[in-house]
Amino acid sequence: MPCTDAPLAGTRVVTLAVNVPGPVAAARLRRLGAHVVKVQPPAGDPLGDYCAAWLAELDAGLELRSLDLKSREGRAELDELLTSADVLLTASRGSALRRLGLGWEELHARCPRLVHVAVVGHAAPDDDVAGHDLTYQATAGLLTPPQLPAVLVADLAGAERAVSEALAGLLLRARTGEGSRREVAFADCAADLAASARHGLTAPGGLLGGGFAGYGLYPAQDGYVALAALEPHFWRRAQELLGGDADTIAQTLRTRTAAQWQRLAEEQDLPLVAVASTAAGADTGAGADADAEAGADARTDTRADAGAGVAEGAW
């Protein structure tokens, strides 16, 4: 792999973070070229119990170690790993880390160049408050009850932010020679992602919340299409092709299948696509036959929340 494709080549990451956000962040760091050692409990990552296929994707290319961190041997092996590590990624409550001797003061004293990325539910002093992706989204106003979220927004945003904080910590160390503790709070991530709604942009009736006919979801013959003709030249093209107001656009789009509309939009350079289903194994519609069902049916997602972002304790 060329060095430009692996900017973190030579960087060693140790991750204790299981469930969704930790593995997502670790996989991203690995794709950037880091050597990632994942330390998991003897029973394995809980994500494997409810989404084994996804975990297998995320763990690909990682060095996996199963350790009991409450045992003397397990802690000794972890300490050995940390002596040569550049980044430590955790997703446990602060109190659990302190019980293991992994509080920042002790950690920094032993490994002064180590960057610790601590993923927590809430920022200090509330970092021991329980929560998961669903509760963070609920507090931020990102939910539309009774529908459950199709995407683990807070968990995945937290994972990306953890990667950013790891990079910031490495850059800071290059300047100062010292490691640092970087905190990522899921609740903060969810609140930041809700900013567009708080400011009215995506709130009901806002420009991106149904107030502009060129930006919305419309039913086709067999599902839905997403139209995002925001820029003036796209909006003019949409009006020429579909009509000049929401009612006319809706009537026009019902005349063809979602897949047919997507193909026509590609030909016309119009930002319109078939709405894909989030159901496992569902066809996205983009490459389906013109007469095949391409859009997603309007349905309520009843899956259980799989966030489990911050572990109750450490093993």
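The values are calculated or read from the model by the stated rules, or taken from the named source; none is laboratory data. Remember, predicted model here, so these are calculated numbers, not experimental data. Because the Cβ atoms are built from the backbone with ideal geometry, glycine has one as well, and the counts that use them run over all protein chains shown. Quick note on the areas: whole protein, heavy atoms, side chains included, nothing else; ligands and nucleic acids left out. Shrake-Rupley method; radii C 1.70, N 1.55, O 1.52, S 1.80 Å.
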Hey, among the residues in the range 172-188 that are in a helix (DSSP H, G or I) and touching a residue at least 60 places away in the same chain (Cβ under 8 Å), which one's nearest to the chain's Cα centre (by Cα)? PHE186
Is the range 111-125 home to any residue that is surrounded by 14 or more Cβ atoms within 10 Å (Cβ to Cβ) and either of a type in the set (Asp, Glu) or on the phi > 0 side of the Ramachandran plot (or both)? no
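Return yes when VAL153 is farther than 26 Å from VAL275 by Cα and under 16 Å from the mean Cα position of the chain (by Cα) and no when it is not.
Values: farther than 26 Å from VAL275 by Cα: no; under 16 Å from the mean Cα position of the chain (by Cα): yes.
No; evaluated as a whole, the condition is false for this residue.
With the structure loaded, tell me whether LEU100 is open to solvent by 50 Å² or more (accessible area, probe 1.4 Å), among the hydrophobic types (A, V, I, L, M, F, W, C) and touching a helix residue (DSSP H, G or I) at 6+ places or on another chain (Cβ under 9 Å) or whether it fails that test.
Answer is no for this residue.
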When you scan the range 72-80, do you find a residue that is in contact (Cβ under 8 Å) with a residue 60 or more places away in the chain and over 19 Å from the mean Cα position of the chain (by Cα), even just one? yes
As an exercise: evaluate ALA226 against (1) touching a Phe, Trp or Tyr at 6+ places or on another chain (Cβ under 6 Å); (2) aliphatic (A, V, I, L, M); (3) not in a helix (DSSP H, G or I) and give the number of the one condition it does not meet. (1)
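Tell me whether the range 126-142 contains one or more residues that are hydroxyl-bearing (Ser, Thr, Tyr) and farther than 30 Å from LEU201 by Cα.
As a first pass, look at the range 126-142 and keep what is hydroxyl-bearing (Ser, Thr, Tyr): 135-136, 139.
After this cut, where a residue has to be farther than 30 Å from LEU201 by Cα as well, the list is none.
Checking the range 126-142: not a single residue is hydroxyl-bearing (Ser, Thr, Tyr) and farther than 30 Å from LEU201 by Cα.
Yes or no, residue by residue, for (1) touching a Lys or Arg at 6+ places or on another chain (Cβ under 7 Å); (2) charged (D, E, K, R):
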position	(1), (2)
GLY10	no, no
ARG28	no, yes
PRO42	no, no
ALA52	no, no
GLU57	no, yes
GLY61	yes, no
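Mind listing whichever residues of the range 63-96 are hydrophobic (A, V, I, L, M, F, W, C), open to solvent by less than 20 Å² (accessible area, probe 1.4 Å) and closer than 20 Å to VAL13 by Cα?
Taking the range 63-96 and keeping what is hydrophobic (A, V, I, L, M, F, W, C), we get 64, 67, 69, 76, 78, 81-82, 85, 87-89, 91, 96.
Checking the rest, the ones that are also open to solvent by less than 20 Å² (accessible area, probe 1.4 Å) come to 67, 69, 78, 81-82, 85, 87-89, 91, 96.
Of everything in the range 63-96, those that are hydrophobic (A, V, I, L, M, F, W, C), open to solvent by less than 20 Å² (accessible area, probe 1.4 Å) and closer than 20 Å to VAL13 by Cα turn out to be LEU67, LEU69, LEU78, LEU81, LEU82, ALA85, VAL87, LEU88, LEU89, ALA91.
Residues checked against (1) open to solvent by less than 30 Å² (accessible area, probe 1.4 Å); (2) over 25 Å from GLU80 (Cβ atoms); (3) modelled with pLDDT under 95:
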{"residue": "ARG12", "(1), (2), (3)": "no, no, no"}
{"residue": "ALA17", "(1), (2), (3)": "yes, no, no"}
{"residue": "VAL24", "(1), (2), (3)": "yes, yes, no"}
{"residue": "ALA27", "(1), (2), (3)": "yes, no, no"}
{"residue": "LYS38", "(1), (2), (3)": "yes, no, no"}
{"residue": "GLY44", "(1), (2), (3)": "yes, no, no"}
{"residue": "LEU47", "(1), (2), (3)": "yes, yes, no"}
{"residue": "ALA52", "(1), (2), (3)": "no, yes, no"}
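Within the range 49-67, identify whether any single residue is basic (Lys, Arg) and in a helix (DSSP H, G or I), and answer yes or no. Break it down stepwise before answering.
Step one: of the range 49-67, the residues basic (Lys, Arg) are 65.
Then drop every residue that is not in a helix (DSSP H, G or I), which leaves none.
No.
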